[in-house]
1. Give me Rg over Rh for the stretch 441-568, both radii from the alpha carbons and Rh done the Kirkwood way, two decimal places.
2. Which residues' amide hydrogens lie under 5 Å from the amide hydrogen of residue 579, considering only partners 5 or more residues apart or on another chain, with H built in the peptide plane?
3. How large is log10 of I(q)/I(0) for the chain at q = 0.06, 0.10 Å⁻¹ when the intensity is taken from the Debye formula with one equal scatterer per alpha-carbon?
4. For a protection proxy built on the mean count of beta-carbon atoms within 10 angstrom, sort 460-471, 427-438, 613-624, 342-353 highest first, please.
5. Based on the mean of other Cβ atoms within 10 Å per residue, sort peptides 370-382, 581-593 so the most packed one is first.
6. Diagonalise the Cα gyration tensor of the stretch 79-153 and give the resulting equivalent ellipsoid semi-axes, square root of 5 times each eigenvalue, largest first, whole Å.
7. Could you calculate the contour length gain from residue 9 to residue 376, that is, 0.36 nm times the residue separation minus the distance between their Cα atoms, to one decimal place in nm?
8. Please compute the modelled spin-label separation between residue 474 and residue 540, points set 7 Å along Cα→Cβ, answer in nm with one decimal.
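The values are calculated or read from the model by the stated rules, or taken from the named source; none is laboratory data. Note that the coordinates shown come from a computational prediction; the quantities given were computed from them, not determined experimentally. All Cβ positions, even for glycine, are placed from backbone atoms using ideal geometry, and neighbour counts span all protein chains on display. To get the accessible areas, we keep the full protein, side chains included, count just its heavy atoms, and leave off ligands, DNA and RNA. Shrake-Rupley method; radii C 1.70, N 1.55, O 1.52, S 1.80 Å.
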Amino acid sequence: MPGLRESRRLTLDQVTARCDPADLPFNTTEDLSPLDAVFGQERAVRAIEFALGMDAPGYNLFASGPDGIGKSTIVESFLRRRAAQLPAPPDWIYVRNFTDPDRPIGISLPAGRGRLFAEQVAHAVEAAGRELRAAFDSDEYARRQQALGSAIEQERTRFLQGLQEEARELGFLLQISPAGINSAPLIDGKPITEEQFDALTDAERDAIQERGRQLEGRVQDTMLRMRSTEREARERAARLDEEIAAGAIEDLVGPLLAEWGEDAEIREFLEAIAVDIRHERDAFRGDRPQAMLPGIAAQAGPPTRRYEVNALISNDPAKGAPVILERHPTYYNLIGRIEFQSQFGAAITDHTMIKSGALALANGGFILLRLRDLLQQPLALDALKRALRSGEVAIENAAEAFGLVPTLGLRPEPIPLNAKVMIVGDSQLYALLYRLDPDFRELFRVKADFDIDVPRTADNIRGLAGFIAQHCEQHVLRCFSNGAVARLVEHSSRTVEDRSRLSANMGAFLDLIRQADYWASVDGDRAVEARHVDRALEEREYRSSLVRDRLHEAIERGEIHVDVDGERVGQINALSVYDLGDFQFGRPSRITCVTSAGRGSIVMVDRESDMTGRIHNKGFLILRGFFSGRFGHVATGALHASLTFEQQYGDIDGDSASSTELYVLLSSLAGLPLDQSIAVTGSVDQYGRVQPIGGAIAKIEGFYEVCRARGLTGRQGVMIPKANVDHVILRPDVARAVGEGRFHVWAVETIEEGIELLTGVVAGERGSDGMYPEGTVYRRVADRLDAFHHELSAHPGQGADGQAPHVVVPRVPAPVPPGIPPEPPPEPPVIV
């Protein structure tokens, strides 16, 4: 047995991930240039470059991977590098549609020209207003208007005088007043009285009435000619005003047409301005009040506002294509909005209140979004997909876009969309969307899969050192010595539990860098050394290890029973991992086993109590296949065994205790004691091969802590699967104990190796006669199973346990009645 233990024991080099500072080509990170490239993510980099190079629709990018890897930072760096090589996209402006004000016109202009055009139009309109007011206040306009009024008055007087003459010829007197024209018959040149009219003969009265009818016709003709003259006068006055207005603005719109008129849409807009200003000249003169009627189309603001140019998108021609990072992608932040003003209880809006969203601002460039943020804004996600499908951004408020409330409002011309959308998220969400959302599948055809770890090569170590140098320079931190960088490299491998890999979780790495810099500042050192990194790790562990320390105290006081020396039959130290979210730690747990004659029932008490998960149940059921393969189903059918995790009150899942459960079952059947100074972890298949497990580091260090508190004897240690050897990177103090022989780690490949190491007895191989050699573990188990079989044969129909035969199947938890919350586990979930 000593020979087996020695051959399976790991050396100091096998439980560390040593990085020699002398192998690093610098003394401190000040000697390095800051990292300007991505290291270790070649697969993701190639995907990003492919997406950026593809111009076909639908080749937008989804950057997939867990949080903390730096997906957003890496993608943004590529976008900015690519954007700097591209020309600045055109500007986009909105102007008033004078024919249909509810549908503002969108116009594209070269980069940087949109805001300039808006300013020039504003200056021209303002100057036109001043010129109009000056022209209408001028003496020349007053004289021409007075002359026109005098001519009209003279014509009116002439008409009235002619009418008076005709009336006198007919024997009538006309009385003209503001109320109208009245006529009275004359006798001897004087108006006739009523008595005189009554004294006339019928023939005389008929003659007067006939002349009155003739006069009435002439009065009507004269009034028609007067109205026609007045209408002509008003038209001449309007032509005068239009002539004055045209002269005032001709010199102002002309230069704009000369500079911008090559664009047909711009020319049409400027010409429409000139026509509209002449039409709206009274508004500039202040002669006509602005009507404030309820409704969307009411005029908002001063009269010049209708001519303002809304420079919606303005790009700097010297800065290349835009890169937009939208951290809060609500519908309005992403698509844009149409704002309103409240005036006299009315909702007022116009083309100047159209506001762009991030998608329009990214036109001609790139936009970077987080999937988690988008999923919290379902309207925004739908609008994004609609814009990408249609190739245009239609700015409209959400109620109108989704038909929630039928309203009247502005409908601006859509903006043609030519932007690459980059979404960052985790792989599970991508897989769900890809399977369930056909639009998503068509629109995001490129996936950049970021790895959680990268190979530990010399190039990647130099890249990591350059990353540290870059972060120190950007955030004004102390430089790191080569010893500190080497210690960070070792910890990076320990984080991913693989000495041939480095962690790609740059978020956690940066956090450790900042904490190490803090402890260097506490010591007053100019550079961060390896001891500061160790201090940061120790302090971080101490802050989160309250639960672990309380469990260890309970073990020390004997409240939780754990043996770390001696030998016991049917008892073994299993190792489990407690996951608290920010901290994981291992602890030993006793598994005990009691066997007797039965009817092939192997019972796990924890499973029967609904405390185990599906993976653990699967690993436990594998024991039956192993026993059938080694000892035959007839013999195992006479067995009853009961196993349990002693003093374990939390939920259990995982299969890493399946080999441990098998060892304790073999011990109980063979009657061989197991060495309690050895804790065991490892899953097993039906052929007895020990398979790798997770959390090996935490499990080894958890058992070490208990042994160290009890006193290291030089015999204690942990047995792990051989496939986990490359995953074992222990803390410096635990590694030193291994190197000095005060603590051990053994690696086994099969159950046979493991049971021999635990008992000191060879497992045994089946001979040609089908029997195992005398004295071996398997021969003892086979003999015990035969004894159970004979015992049952003497008592048919009943097992030695007094129970009817049964087969154990996984228990399904009973459903919780509605309205009653399930009880939380008394302890954190345990991964065994």
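1. Details: Rg = 19.7 Å, Rh = 17.3 Å.
Value, to two decimals: 1.14.
2. Placed amide hydrogens put 831 under 5 Å from residue 579.
3. With no solvent term, the Cα-only Debye profile gives -0.66, -1.13.
4. Details: 460-471: 20.4, 427-438: 13.2, 613-624: 18.8, 342-353: 16.4.
For the peptides 460-471, 427-438, 613-624, 342-353, the packing ranking is 460-471, 613-624, 342-353, 427-438.
5. Details: 370-382: 17.2, 581-593: 19.5.
Averaged packing, sorted descending, gives the order 581-593, 370-382.
6. Numbers: eigenvalues 450, 49, 8 Å².
For the stretch 79-153, the semi-axes come out at 47, 16, 6 Å.
7. Details: separation 367, 0.36 × 367 = 132.12 nm, distance 5.25 nm.
My answer for the length gained is 126.9 nm.
8. 1.8 nm
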